[in-house]
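Structure first, commentary second.
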Amino acid sequence: MSSETDQSSVTVLGLGPMGRALAASFLDAGLRTTVWNRTPGRDRELVARGAVGAGSAEEAVAASGLTVVCVVNYDAADAVLRREAVTGALKGRTVVNLTADTPARARSTAAWAAEHGIRYLDGAIMTPTTTIGTPDAVFLHSGPEDLYRAHRPVLDALGGTHTHLGEEIGRAAAYDIALLDIFWTAMAGYAHALAVARAEGITARELAPFAQGIGAILAPVFGEDAAEVDAGTFSGEGNPITSAASSMAHIIEASEAHGIDAGVMRAAEGLARRTIGLGHGTDGFLRITELLGRDRKEG
């Protein structure tokens, strides 16, 4: 049986595109890699490269002191990990869960692990499968720091940067949710922009270079405005929220003139108008952060 401190072996549960990328990186690093997937057949290429294909999840976790889980969500993870035979096989071992879900689910899983003598770290993968094993990969981790440090040599086989965000187990998932919120909101905005542009006879390729320019503007804005959000100052000296609301109204009018749904922008404009109505018209757009928090507290 592999000892808890053995740095030569690892088990990967879940062989979707990301799970296969993780397992491949472990193999490339020369680690003895055991793999298992609920749907048979996805391990063929990995086994051909030297991985051990386990016949069951309990056999897989028993093969290594460290098990890395990467499945679609925590419901899928629970369906595997909380089976009696698997739970028993994991006792005294470590699980690093790189499955995406909510901070609350991370905390409940950590509590379950502690009840059953399983060491637990939660994590998030912030970059695509193509980055795994390269310097461009980005991983976030949370949980006991000593446990993280003990398994860092194996995790380093995945490449890129690894950041331990603290011992509170939900922090990695919280960062993941917040960052994905930025990404998917931006992608929804881009999709809407392309629809409006196309309605005006502008192709996606024609718009793309200018859209990239807008993206470049955002990076420094995020950094500069973060300090104001934390301080609660929300200066609108350069661009007050009244100006933002006016721009949004133009977008809504142009969109709906072409029969394009403007629901997302209407929601954003509504937040801006409510913030103005509360007497913050000269503040910056991110004043709505407090409005959103106020809605949560009052709900």
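Six or more apart or on different chains, Cβ atoms under 8 Å: show the pairs whose first residue is in the range 236-265 and over 19 Å from Tyr190 (Cβ atoms) and whose second is aromatic (Phe, Trp, Tyr).
Sorted first by the residue in the range 236-265, then by its partner, the pairs are Gly236/Phe285; Asn239/Phe285; Ile241/Phe285.
Looking only at the range 127-139, filter to residues that are crowded, with 20+ Cβ neighbours inside 10 Å and in contact with a strand residue (DSSP E or B) (Cβ under 8 Å, 6 or more places away or on another chain); which one of those is farthest from Leu165 (Cα to Cα)?
Ile132
Right, Thr163: farther than 17 Å from Val12 by Cα, assigned to a strand (DSSP E or B) and polar (S, T, N, Q) or not?
yes
Specify which of the listed residues (Ala204, Ala226) is touching a helix residue (DSSP H, G or I) at 6+ places or on another chain (Cβ under 7 Å), of a type in the set (A, V, I, L, M) and surrounded by 10 or more Cβ atoms within 10 Å (Cβ to Cβ).
Ala204
Regarding Gly284, is this residue touching a strand residue (DSSP E or B) at 6+ places or on another chain (Cβ under 8 Å), assigned by TED's automatic domain parsing to the domain that holds Ala178 and among the small types (Gly, Ala, Ser)?
Judged against the criteria, Gly284 is a match.
Mind listing just one residue for me: the one in the range 271-281 that is over 18 Å from Ala254 (Cβ atoms) and of a type in the set (Gly, Ala, Ser) and, of those, surrounded by the most Cβ atoms within 10 Å (Cβ to Cβ)?
Gly281
Give me the residue from the range 229-239 that is part of a loop (DSSP other than H, G, I, E, B) and not hydrophobic (A, V, I, L, M, F, W, C) and, out of that set, surrounded by the most Cβ atoms within 10 Å (Cβ to Cβ).
My answer is Gly236.
Which of the residues belonging to the range 14-28 are assigned to a loop (DSSP other than H, G, I, E, B) and either surrounded by 24 or more Cβ atoms within 10 Å (Cβ to Cβ) or not assigned by TED's automatic domain parsing to the domain that holds Val68 (or both)?
Those that are assigned to a loop (DSSP other than H, G, I, E, B) and either surrounded by 24 or more Cβ atoms within 10 Å (Cβ to Cβ) or not assigned by TED's automatic domain parsing to the domain that holds Val68 (or both): Gly14, Leu15.
Would you pick out the residues in the range 140-161 that are in contact with a helix residue (DSSP H, G or I) (Cβ under 6 Å, 6 or more places away or on another chain) and surrounded by fewer than 20 Cβ atoms within 10 Å (Cβ to Cβ)?
Result: Ala157, single match.
Just wondering, is there one or more residues in the range 240-248 that are part of a loop (DSSP other than H, G, I, E, B), farther than 19 Å from Val196 by Cα and at pLDDT below 95?
No - not one qualifying residue is present in the range 240-248.
The values are calculated or read from the model by the stated rules, or taken from the named source; none is laboratory data. Values in this document were obtained by computation on a predicted structure and should not be read as measured data. FYI the Cβ positions are ideal-geometry reconstructions off the backbone, even for glycines, and counts take in every protein chain you see.
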